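J.: First, the structure itself, so that you have it in front of you.
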Amino acid sequence: MTQTAETTRISAPPSAASTDCISLESVSKIYGRFAALRNITTSFCTGSCTIILGENGAGKSTLLRMIAGLITPTRGRVTVFSEAPHQQRRRVAYMSHSPMLYDELTAMENLNYFSSLHRDGGCACVGNPEMALRAVGLDPKLDRPVGQYSQGMRQRTSLARVLQTDPEILLLDEPFSNLDAASARHMVELLADFRTWPVAPVNGVMGARTLLLTTHQSSLAEPLATRTLTMRNGEIVDSHSDSSTEAAG
Ligand SMILES: Nc1ncnc2c1ncn2[C@@H]1O[C@H](COP(=O)(O)OP(=O)(O)OP(=O)(O)O)[C@@H](O)[C@H]1O
């Protein structure tokens with residue numbers, strides 16, 4: 001696994017099936033009397049990279065968490081690889097905007113712990129925390145606890161944590177928040193690289209890595225995007241696709 005030298009627009013691998021891996025049909029999420037998501041119908045193409053934009057409270061995190069199977073719709077239906085999200089958790093990774101790491105452990109200890117919760121096989125990083133840390137540019141031998149890391153280092157440790165599960169679908173909530181310009185660019189390069197990782201065929205169909213990320217910094221993620229989706233008040237109010245890679249959603 002190497003870092004890409006540049007972050008020009010990256011298309012889905014030609015072998016990737018132009019099928020949808022995520023589908024939402026008339027999905028709403030209601031908290032009390034408040035609708036965090038309102039009647040959303042959309043789908044996400046295998047191999048695509050979608051940037052989800054929107055003001056605070058628009059429903060972006062709720063959408064990602066629902067696709068990750070962490071919350072369920074109040075109404076409507078979400079499917080991931082044609083099944084309920086919780087049935088496909090092994091193929092999906094979600095990175096929250098708050099790093100879910102143990103501050104008192106080193107990066108290596110964190111990854112070792114989380115890797116023990118996941119399967120073996122798949123990409124070279126799986127079950128290999130050292131390789132995952134090197135992939136994100138961190139020294140696996142660093143013996144300081146994560147609590148002493150800079151924000152950028154914590155973000156990269158979080159990314160290594162989810163990458164080592166070899167996800168086909170990667171859901172990232174605000175991956176650039178609190179990063180300086182250089183660290184954010186590095187994060188974009190890492191994600192561009194992730195999109196090129198091969199996926200083992202499933203039922204004879206060649207796979208591809210699918211990425212969904214929320215951000216308030218659209219210009220940073222733009223080189224990665226095959227689709228840009230804007231949310232407001234729990235609804236999708238705009239969706240632009242790169243027509244060379246996928247149909248408009
Ligand atoms: N568990 C919950 N209980 C009640 N309301 C919730 C819950 N989770 C989210 N909400 C509300 O749903 C709305 C959408 O929240 P969400 O976190 O999805 O927004 P967001 O677009 O990700 O915002 P931000 O950019 O600030 O992260 C917000 O008004 C939020 O307060």
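J.: Could you compute the net charge surrounding LYS60? Neighbours are other residues with a C-beta less than 11 Å from the C-beta of LYS60; K and R count +1, D and E count -1.
T.: Working: positive: ARG65, ARG232; negative: GLU55, ASP173, GLU174.
Taking every other residue near LYS60 into account, the sum is -1.
J.: Ranking request for peptides 58-71, 180-193: highest mean number of other beta-carbon atoms within 10 Å first, then the rest in descending order.
T.: Ranking, from highest mean packing down: 58-71, 180-193.
J.: By DSSP, what percent of the beta bridges with both residues in the chain are antiparallel, rounded to the nearest 5? Each step should come with its number before you reach the end.
T.: Values: 21 of 39 bridges.
Antiparallel bridges make up about 55 percent of those DSSP assigns within the chain.
J.: Per residue, how much accessible area does the chain have with a 1.4 Å probe, in Å²?
T.: Numbers: 11450 Å² over 249 residues.
So the chain comes to 46 Å² accessible per residue, rounded to a whole number.
J.: Probe radius 1.4 Å, ligands and nucleic acids ignored: give me the carbon and sulfur share of the accessible area of the chain as a rounded percent. Don't jump to the answer; show the numbers that get you there.
T.: Values: 5440 of 11450 Å².
Percent of accessible area from carbon and sulfur atoms in the chain: 48.
J.: Order the peptides 149-155, 90-96, 208-214 from the highest to the lowest mean number of other Cβ atoms within 10 Å of their residues.
T.: Details: 149-155: 18.3, 90-96: 20.0, 208-214: 24.9.
Highest-to-lowest ranking by the protection proxy: 208-214, 90-96, 149-155.
J.: If you don't mind, there's one more thing I want to ask. Work out, step by step, the length gained on full extension between MET100 and ASP139: first 0.36 nm times the residue separation, then minus their alpha carbon distance; give nm to one decimal.
T.: Gain on extension, MET100 to ASP139, equals 12.1 nm.
J.: If you don't mind, another one. Ratio of Rg to Rh for the chain, alpha carbon only, Kirkwood? Spell out each step's value before the answer.
T.: Numbers: Rg = 17.3 Å, Rh = 18.3 Å.
Using only Cα positions, Rg/Rh for the chain is 0.95.
J.: Still on this structure, I have one more. May I ask you to evaluate 6.51 cos²θ - 1.76 cosθ + 1.60, the Karplus curve with θ = phi - 60°, for each residue of the stretch 233-241 and list the ³J(HN,Hα) values in order in whole Hz, giving x for glycine and proline?
T.: Per residue, the Karplus-derived 3J(HN,Hα) values read 6, x, 10, 8, 9, 7, 8, 10, 10 Hz.
J.: Non-local amide H neighbours of GLU168 (under 5 Å, H modeled in plane, Pro and chain starts lacking H): which ones?
T.: Close amide H contacts, sequence-distant or interchain: VAL92.
J.: Using just the helices of the chain, give the 222 nm mean residue ellipticity in deg cm²/dmol: DSSP H runs with n ≥ 4 each add -39,500 (n - 2.57), and the total is spread over all residues, rounded to 500.
T.: Working: 6 runs with 57 residues, N = 249.
The helix-only estimate for the chain comes to -6500 deg cm²/dmol at 222 nm.
The values are calculated or read from the model by the stated rules, or taken from the named source; none is laboratory data. This one's a predicted model, so the numbers in the text were calculated from it and none came from an experiment. As a convention, Cβ positions derive from the backbone with ideal geometry for all residues, glycine included, and neighbour counts pool all protein chains shown. Surface accessibility is based on the protein's heavy atoms, side chains included, excluding ligands, DNA and RNA. Shrake-Rupley method; radii C 1.70, N 1.55, O 1.52, S 1.80 Å.
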